[in-house]
1. Let me confirm something: among V4, V35, V18, which residue is modelled with pLDDT of 90 or more and β-branched (V, I, T)?
2. Name the one entry in A73, A65, A25, A52 that is in a loop (DSSP other than H, G, I, E, B) and either at pLDDT 90 or above or touching a helix residue (DSSP H, G or I) at 6+ places or on another chain (Cβ under 8 Å) (or both).
3. Do you know which residues across segment 1-27 are hydroxyl-bearing (S, T, Y) and surrounded by 13 or more Cβ atoms within 10 Å (Cβ to Cβ)?
4. Give me the residue from segment 28-49 that is charged (D, E, K, R) and in a loop (DSSP other than H, G, I, E, B) and, out of that set, surrounded by the fewest Cβ atoms within 10 Å (Cβ to Cβ).
Amino acid sequence: MTSVERHKEIYCRVIEAVSAGAASALDELLHPDMVDHNPMPNQPAGRDGFKAWMTASGPPFPTSAPPSKLCSARATWSRDT
């Protein structure tokens, strides 16, 4: 498995955990000192802050598609100039 595939797998598992309201699943998926680049006001830092956001956000939006089908990975493209 490439590192890109591994990162996508982890990202999808995070989305699934958030969608299921399973904050405890984030312990094995997120580093304790992770950086949230879009925190809510007064959100604590790190994984605990992400969990606080998840709890404060309330239940996830219902969807007919399973969370794993909603995942996508960001790719960075470059070209020689």
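The values are calculated or read from the model by the stated rules, or taken from the named source; none is laboratory data. Predicted model, so just to flag it, every value in this text is computed and none were measured. Positions of Cβ are generated from backbone atoms using ideal geometry, with glycine treated the same way; all protein chains shown enter the neighbour counts.
1. After applying the criteria, what remains is V35.
2. A73
3. Y11, S19
4. D33
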